[in-house]
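*Asks:* I'd like to ask you about the structure that follows.
The values are calculated or read from the model by the stated rules, or taken from the named source; none is laboratory data. Just so it is clear, the structure is predicted and the values come from calculations on it, not from any experiment. Cβ: placed from backbone, ideal geometry, glycine included. Neighbour counts: every protein chain shown.
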Amino acid sequence: MGLPTLEQMQFQHAAAQLNALHAELIDDDRLEEWPNLFEEKCQYSVISAENHNRSLNLAAVFCDSRGMLVDRIVSLRRANIFPAHSYRHILGPTRVKSTSGQIVTTQTNYVVLMTRNDGQTSIYNSGKYVDQIDVSGAGSRFLSKTAIFDTHLIDTMMVRPI
Amino acid sequence: MSIAQQQDTLDQAPSTAGCRVPYRVFTDRQYYDREQEKIFKGDCWSFVGLEAEVPKAGDFKSTFVGETPVILTRDSDGSVHVVVNRCAHRGALVCREMRGNRSSLECVYHQWAYDLKGNLIGVPFRRGLKGQGGMPGDFDMSQHNLRQLRTESVNGLVFASFSETVESCRDFLGPIVVEQIERIMCKPVTVLGDQRQRIRGNWKLYAENTRDPYHASLLHLFHNTFGLYRSTQTGKALMDANKRHSLLYSIAASNDDAADKQAYGDSRTFDTEFKLQDMSLLKGRQEFADNVTLVILAVYPNLVLQQIQNTLAVRQTVTYGPDEFELVWTHFGYQDDDEEMQAIRLKQANLIGPAGLISMEDGEAVEIVQNAIVGEASATSYIAMGGGRAEDADHLVTEGAIIGFWDNYREMVGFEVEPA
């Protein structure tokens, strides 16, 4: 493996920045801004490794448009009832797995810690993101983001994006 | 009887109407232990899985009856079996994977091997090694099988029982439940995937929740918030003759706009502040001739079979202790689903499960009760909506099926448990 080209470094940087912003918006409860990280025509799914590894497509969350992401957030704010909690994402390094023009496929490990009202923090969800990112514009955006989680026993409910 | 008349009845006899459940049954370990003995290992049939989860000879799935680990297997002759997942030798788990395929079950500790029915077929060094060791001369392999449960499949739903005396599974379920199982399991199914949810509350709070149509439009606000009028708001709440099981269902109202119905299932919008940006979430098909769009079939003690629009799933309760259980959702479709139908089911899956837009609240509903009743020795709940008796209703403003559950519980476990 030789030294990366400047373009490869730029792509890697853009993808890592996008993932960091993704985590930041969720953890800081700026959820209304979160759908803007995705293309209008996009795919976002949160699926257990238990299903994914069996080539089963059943996901906990499956959205195939930015509109569905917005609907999830409006539902969270206005409709759904759940225990008060916050997330803290811990991200591993983002690696570019392949590049096709201005579209990169990346993989990033993550851990989501959850803190509830009682003040205890627990490992809520851990897994890997497999993303397709369009890095052509000034602001990179997800074409698709798949969170494949190891933690197949979900603690009570899942309402915030992973 | 009119509501006013019902109210009069309540006023006249306030002490007899309604059901009062002591909160200690949700928190006290003695009740939990007794439930394991009297319900899960007693005269009941527990749901263990779908035949479609073990389609081929040698397929197995690890699961639980109550808290007891069991294995569901498919034998080479095509029959399904359920055995306790515990080696007859020194008690180790025989099967340590969640699922897989094997020609026999072998304990890793000392390699005792069992066939897929649970019969002991191999004991290493049984006759010793070089004249040393070995099992006693009168050791009889046939006396050391895995504990084999009675197993019955009802249209692809597999149930198991520890009891030698309990009635047949179909009789235990009763005609109403069997009919509903036959309705949903009307053709070969294929598993779409599982979802697992850990809820920090007592499993019976979920048994109540799934027999409770009263809370549906009050706790689950997704449809209301987005102005999605549900023409399925009329429905019925029925029980089997023994009132163990509960059937809640609702029927789509007759509709004059067939094209719109095709596009949006049973949903209609009315003016609200919020609109769904992407209505494709609710796109579905009318796949049952009876126009029923919602079925919540709560089968005593540990199963819910459900149809919500085009989502089909079983929910299995696994108990961890008095204040914790796991809910396993296994989604399925039909083997003859076309590509579009598969896509509909996978998208509508957003509605149900731990991240379900219309179901995620149930975990919280269980936990807020559990958190509030901690340490409570004598106080009780009060369950009386719909008249306060275990009666069927042709509406959904009732808690009758919850009372049916408790009548059975009181008989099997009791509200008073002797101190250990």
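*Asks:* Given the criteria away from chain A (no Cβ under 14 Å), surrounded by fewer than 17 Cβ atoms within 10 Å (Cβ to Cβ) and not basic (Lys, Arg), does B:ASP392 qualify?
*Replies:* So B:ASP392 does not fit the description; no.
*Asks:* Right, next: Residues to consider are A:THR151, A:THR115, A:THR146, A:THR108; find the one that is away from chain B (no Cβ under 13 Å), under 20 Å from B:GLU324 (Cα atoms) and in contact with a strand residue (DSSP E or B) (Cβ under 6 Å, 6 or more places away or on another chain).
*Replies:* Only one candidate qualifies: A:THR115.
*Asks:* Hey, A:SER65 hits all of (1) closer than 19 Å to A:ASP155 by Cα; (2) of a type in the set (Ser, Thr, Tyr); (3) within 8 Å of chain B (Cβ to nearest Cβ) but one; which does it fall short on?
*Replies:* It fails just one condition, (1).
*Asks:* Considering each of A:THR151, A:THR115 in turn, give the residue that is of a type in the set (S, T, N, Q), closer than 29 Å to B:VAL366 by Cα and not in a strand (DSSP E or B).
*Replies:* Just one listed residue meets the conditions, A:THR151.
*Asks:* Looking only at segment B:32-51, decide whether some residue is crowded, with 17+ Cβ neighbours inside 10 Å, within 20 Å of B:ARG96 (Cβ to Cβ), in contact (Cβ under 8 Å) with a residue 40 or more places away in the chain and among the aliphatic types (A, V, I, L, M).
*Replies:* Yes: segment B:32-51 contains one or more residues that are crowded, with 17+ Cβ neighbours inside 10 Å, within 20 Å of B:ARG96 (Cβ to Cβ), in contact (Cβ under 8 Å) with a residue 40 or more places away in the chain and among the aliphatic types (A, V, I, L, M).
*Asks:* Turning to a different aspect of this structure: How do the helices (runs of 4 or more DSSP H) wholly within segment A:5-89 filter down when requiring 2 or more residues that are of a type in the set (Asp, Glu) and farther than 28 Å from B:LEU219 by Cβ: which remain?
*Replies:* Filter on segment A:5-89 gives A:6-27.
*Asks:* Condition first: within 24 Å of B:GLU367 (Cβ to Cβ) and free of Cβ contacts under 8 Å to residues at least 12 places away in the same chain. Now tell me which residues in segment A:81-112 satisfy that.
*Replies:* If the condition is that a residue be within 24 Å of B:GLU367 (Cβ to Cβ) and free of Cβ contacts under 8 Å to residues at least 12 places away in the same chain, then A:ILE81 is the only one that fits.
*Asks:* Which of the following residues is over 21 Å from B:MET360 (Cβ atoms) and over 16 Å from the mean Cα position of the chain (by Cα): A:GLY67, A:GLY2?
*Replies:* A:GLY2
*Asks:* So in segment A:70-105, with the set limited to residues that are under 20 Å from A:LEU143 (Cβ atoms) and facing chain B (nearest Cβ under 7 Å), which one is farthest from the chain's Cα centre (by Cα)?
*Replies:* Taking the candidates together, the pick is A:ASP71.
*Asks:* How about segment B:177-216: which of its residues are in a helix (DSSP H, G or I), under 16 Å from the mean Cα position of the chain (by Cα) and not small (Gly, Ala, Ser)?
*Replies:* Of everything in segment B:177-216, those that are in a helix (DSSP H, G or I), under 16 Å from the mean Cα position of the chain (by Cα) and not small (Gly, Ala, Ser) turn out to be B:VAL177, B:VAL178, B:GLN180, B:ILE181, B:ILE184, B:TRP203, B:LYS204, B:LEU205, B:TYR206, B:GLU208, B:ASN209.
*Asks:* May I ask you to say which residue of B:HIS220, B:HIS215 is farther than 23 Å from B:PHE332 by Cα, modelled with pLDDT under 95 and within 10 Å of chain A (Cβ to nearest Cβ)?
*Replies:* The unique qualifying residue is B:HIS220.
*Asks:* Any chance segment B:409-420 includes a residue that's crowded, with 20+ Cβ neighbours inside 10 Å and assigned to a loop (DSSP other than H, G, I, E, B)?
*Replies:* Yes: segment B:409-420 contains one or more residues that are crowded, with 20+ Cβ neighbours inside 10 Å and assigned to a loop (DSSP other than H, G, I, E, B).
*Asks:* Also, I was wondering about something else. Mind checking which pairs have a first residue in segment B:357-368 that is facing another protein chain (nearest Cβ under 7 Å) and a second that is among the aromatic types (Phe, Trp, Tyr), Cβ under 6 Å, 6 or more apart or different chains?
*Replies:* B:LEU357/B:PHE222; B:GLU364/A:PHE82
Okay, residues lined up against (1) among the small types (Gly, Ala, Ser); (2) more than 24 Å from B:ARG29 (Cβ to Cβ); (3) in contact with a Ser or Thr (Cβ under 8 Å, 6 or more places away or on another chain):
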position	(1), (2), (3)
B:ALA355	yes, yes, no
B:MET360	no, yes, no
B:ILE373	no, no, yes
B:ARG389	no, yes, no
B:LEU396	no, yes, yes
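*Asks:* Being within 17 Å of B:ALA355 (Cα to Cα) and facing another protein chain (nearest Cβ under 7 Å) is the filter here, so list the residues in segment A:49-58 that pass it.
*Replies:* A:GLU50, A:ASN51, A:ASN57, A:LEU58
*Asks:* Next up: Inside segment A:115-159, can you point out the residues that are touching a residue at least 40 places away in the same chain (Cβ under 8 Å), under 15 Å from A:SER45 (Cβ atoms) and not hydroxyl-bearing (Ser, Thr, Tyr)?
*Replies:* A:GLY127, A:ASP131, A:PHE142, A:LEU143, A:LYS145, A:ALA147, A:ILE148, A:PHE149, A:HIS152, A:ILE154, A:MET158
*Asks:* Next question. Among the residues of segment B:146-170, how many are in a loop (DSSP other than H, G, I, E, B) and of a type in the set (S, T, N, Q)?
*Replies:* 4
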